[in-house]
Structure formats: C-alpha cells, structure tokens
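Submitted below is the structure of interest, expressed as structure tokens.
The values are calculated or read from the model by the stated rules, or taken from the named source; none is laboratory data. Keep in mind it's a predicted model, so treat the numbers as computed, not measured. Here Cβ is always computed from backbone atoms with ideal geometry, including for glycine, and neighbour counts include all displayed protein chains. The area values use the complete protein model at the heavy-atom level, side chains included, leaving out ligands, DNA and RNA. Shrake-Rupley method; radii C 1.70, N 1.55, O 1.52, S 1.80 Å.
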Amino acid sequence: MLPDIKTILYCTSLGPHAPYVFGYAYTLAKTLDARIVALHVIESLNRKQKTLVEGYAGQGRLADLLKNAQKEAADRLPEHMKKKLASVSGEDDWEQYVSEIIIAEGRSEKRILEAVTSRNADMVVIGAHTEHSVLDRMIGSTARSLVKSCPVPVLTVQVPSGVNETLNL
C-alpha cells in the first residue's frame with residue numbers, strides 16, 4: 001500500500017537557502033495534493049549562553065531580544081515566503097498549498113517533533129546545512145538528529161553550491 005501524504009511540515013531557518021528547500025515541499029504538495037505547514041523555530045539559549053548574552057546586553061535584556069526576534073520572525077516569514085518562495089515555484093498558486101505558518105521558540109528538534117504530532121504531519125522537509133560551525137559540532141545537526149527520532153519520513157534537502165546565484169536569490 002502506498003503512503004497517503006496529506007500534510008508536509010516544511011521547516012525553515014529563514015536562511016538564504018530556504019526558497020530552494022521550499023521548492024521541494026511545494027513540488028511534493030502540488031504533486032500529492034497535500035498541504036504545507038511552515039515552521040520556523042527560534043532556538044532557545046542554554047543557561048551559559050543566556051548568562052553570556054545578559055552579561056553583554058544587560059540584565060533583563062534577553063527577554064526583550066527574544067520577544068523582538070519572535071515578532072520579527074512572525075512578520076518576516078509570510079513576507080519572506082511571498083517574495084522568495086514564490087519565485088521558486090514559478091507560479092502564483094503556491095499560497096493555496098501553505099495552510100499554516102508557525103513561529104515557535106525552543107529546541108528545534110523538540111518543536112519540530114511536537115509539530116509533527118500536533119499537525120498530523122505525514123512527512124518533514126528540512127534543509128541539510130553543509131556549513132559546520134563550532135556550535136553545530138557541539139550540539140549536532142537538527143536534520144541529522146531529526147532523521148533518527150522522527151516518526152515520519154524526513155526529506156533532507158542538500159543545497160548545491162551556487163544555487164542562490166542560479167535562482168537569483
């Protein structure tokens with residue numbers, strides 16, 4: 001029996017490769033007549049990181065920074081999708097496939113898994129970042145750990161070098 005994919009969870013960091021990754025979610029949704037739930041997670045800081053930020057920014061400033069980041073993400077994601085992601089699909093109908101946009105705060109993997117459950121997602125589409133920062137090596141890749149723990153299939157999209165120039169992004 002073939003899987004019935006009706007809800008695709010598209011996870012985005014709003015980075016420069018988001019339109020390319022969205023192209024995969026859009027193509028799948030259009031082909032399978034599925035809906036897309038877009039999720040952007042604002043990563044929470046651990047206690048050591050919070051102390052460091054508050055040491056530089058001032059006591060209590062962190063809450064303001066996080067609140068502003070959430071508001072900016074909530075304002076930016078729909079506009080980002082309209083400007084950048086529509087150019088990838090090449091069509092005006094992409095909005096009919098995006099049923100919901102979620103901005104969450106916390107650990108990315110945890111929030112993604114919660115969204116998979118709460119939105120009854122049948123598949124996850126996420127970018128596979130090729131850049132490895134010191135922080136990424138310390139905490140591990142969200143996509144890598146998600147593949148191991150997610151109860152539904154995860155499509156990790158590797159972005160070829162130079163793709164942004166090709167798509168004029």
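Here is a check on your reading of the model: is VAL124 open to solvent by less than 30 Å² (accessible area, probe 1.4 Å) and modelled with pLDDT under 85?
Details: open to solvent by less than 30 Å² (accessible area, probe 1.4 Å): yes; modelled with pLDDT under 85: no.
For VAL124, the condition - open to solvent by less than 30 Å² (accessible area, probe 1.4 Å) and modelled with pLDDT under 85 - is not met.
So which residues in the range 1-13 are within 15 Å of LEU77 (Cα to Cα) and either open to solvent by 10 Å² or more (accessible area, probe 1.4 Å) or in contact with a Cys (Cβ under 9 Å, 6 or more places away or on another chain) (or both), if there are any at all?
Answer for the range 1-13, where residues must be within 15 Å of LEU77 (Cα to Cα) and either open to solvent by 10 Å² or more (accessible area, probe 1.4 Å) or in contact with a Cys (Cβ under 9 Å, 6 or more places away or on another chain) (or both): CYS11, THR12, SER13.
Filter the strands (runs of 3 or more DSSP E) completely within the range 1-107 down to those with at least 3 residues that are among the β-branched types (Val, Ile, Thr), closer than 20 Å to ALA143 by Cβ and modelled with pLDDT under 85. It would help to see each step written out before you state the result.
On the way: elements: 7-12, 35-43, 98-106.
Those strands (runs of 3 or more DSSP E) do not exist here; none qualify.
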